[in-house]
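**Student:** Starting off with a structure, shown below.
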Amino acid sequence: MSLIDALEWRYAAKRMNGKKVDASKIDSLLTSIQLSASGFGLQPYQVLVIENEELKAKIQPAAFNQPQVVESSHLLIFAAWNEITEEKINAFIQLVSETRNVPLEDLKAYKDAIAGSLLSRPVEDQVKWMDKQVYLAMGTALAAAAKLEIDSTPMEGFIPAQVDAILNLKEKGLHAVLMMAVGERDESSDFMVNAKKVRWPKEELFIHVI
Ligand SMILES: Cc1cc2nc3c(=O)[nH]c(=O)nc-3n(C[C@H](O)[C@H](O)[C@H](O)COP(=O)(O)O)c2cc1C
């Protein structure tokens, strides 16, 4: 399937059939998240990969009982950091140094640019910025899932504080931003399975500036 065909094929599944998605496909999906772009490349988030059925059942009420939570093969919880610290920026710069084999001293300007932009902001603004990076990561994952022919549901319909408590995210320095149910659509029970895509026409969506 071409990428465009895959994006036509995908939809936000409302019901899944509980079948397990191949581990190799899940690994490719996780790789797509790892490869997502992010501001400064900082990736200020972690993604919890949940297969445990009891845990999914615990989370479901916090997600307004949406069925995909428990009918999924894997439930991904995209959680952003609670704050950006100098230590985190240092760890990232260390990773850049090791990965690209560049001495730390040569990365000082990069580090100062990141620190100057992010550490000066109040924590609420840091969180807003980090949450945006999470949306981009899930966007990448949604497209990748489609290309891998895995069904998925992007979800912000949940009570973050409850999910944070169930998963002890505060202790991990994280807060839940988005969920993504991953699995196989249930053709027999999903009322959206044959629904046409509703999208603004191109003439309205795009403004070609000439
Ligand atoms: C950030 C975000 C949050 C969403 N939250 C939910 C959700 O909680 N439950 C759900 O069933 N669909 C959810 N959706 C799915 C959207 O309703 C769906 O993507 C939109 O109607 C377009 O349809 P399509 O993705 O099926 O093409 C969400 C989508 C996005 C991008």
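The values are calculated or read from the model by the stated rules, or taken from the named source; none is laboratory data. Just so you know, these numbers come straight off a predicted model, no measurement behind them. Neighbour counts run over all protein chains shown; Cβ positions are idealised from the backbone, glycine included.
**Student:** Step by step: first the residues of the range 64-101, then only those that are among the polar types (S, T, N, Q) and either within 16 Å of the ligand (Cβ to nearest atom) or in a helix (DSSP H, G or I) (or both), then the one that is nearest to L119 (Cα to Cα). Which residue is that?
**Tutor:** It comes out as N90.
**Student:** Would you check which residues across the range 161-210 are more than 16 Å from the ligand (Cβ to nearest atom) and of a type in the set (D, E) and list them?
**Tutor:** D164, E171, E203, E204
**Student:** Given (1) farther than 18 Å from Q43 by Cβ; (2) surrounded by 14 or more Cβ atoms within 10 Å (Cβ to Cβ), identify the lone condition not met by K108.
**Tutor:** Unmet condition: (2).
Here is a yes/no grid of residues against (1) of a type outside the set (D, E); (2) over 22 Å from V69 (Cβ atoms); (3) in the same structural domain as P67 (by TED's automatic domain parsing); (4) in contact with a Leu (Cβ under 7 Å, 6 or more places away or on another chain):
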residue	(1), (2), (3), (4)
Q126	yes, yes, yes, yes
Q133	yes, yes, yes, no
G139	yes, no, yes, no
K147	yes, yes, yes, yes
G157	yes, no, yes, no
D164	no, no, yes, no
L169	yes, no, yes, no
L174	yes, no, yes, no
V177	yes, no, yes, no
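**Student:** Looking only at the range 129-153, count every residue that is touching a helix residue (DSSP H, G or I) at 6+ places or on another chain (Cβ under 7 Å) and either near the ligand (Cβ under 7 Å from one of its atoms) or among the small types (G, A, S) (or both) and tell me the total.
**Tutor:** Selection size over the range 129-153: 8.
**Student:** Given the criterion more than 16 Å from the ligand (Cβ to nearest atom) and either within 19 Å of A79 (Cα to Cα) or touching a residue at least 60 places away in the same chain (Cβ under 8 Å) (or both), identify the matching residue among S38, S24.
**Tutor:** The match here is S38.
**Student:** Separate question: E156 fails exactly one of the following numbered conditions: (1) touching a residue at least 24 places away in the same chain (Cβ under 8 Å); (2) within 16 Å of the ligand (Cβ to nearest atom); (3) of a type outside the set (S, T, Y). What is the number of that condition?
**Tutor:** If we test E156 against (1) touching a residue at least 24 places away in the same chain (Cβ under 8 Å); (2) within 16 Å of the ligand (Cβ to nearest atom); (3) of a type outside the set (S, T, Y), just (1) comes out false.
**Student:** Which members of the range 167-191 meet the condition of being surrounded by fewer than 12 Cβ atoms within 10 Å (Cβ to Cβ) and either within 21 Å of I150 (Cβ to Cβ) or of a type outside the set (D, E, K, R) (or both)?
**Tutor:** Once the filter is applied, which keeps residues that are surrounded by fewer than 12 Cβ atoms within 10 Å (Cβ to Cβ) and either within 21 Å of I150 (Cβ to Cβ) or of a type outside the set (D, E, K, R) (or both), the range 167-191 yields N168, E187, S188, F191.
**Student:** For the range 10-17, state whether one or more residues are more than 14 Å from the ligand (Cβ to nearest atom), outside any helix (DSSP H, G or I) and over 17 Å from G183 (Cα atoms).
**Tutor:** Looking for residues that are more than 14 Å from the ligand (Cβ to nearest atom), outside any helix (DSSP H, G or I) and over 17 Å from G183 (Cα atoms), one finds none in the range 10-17, hence no.
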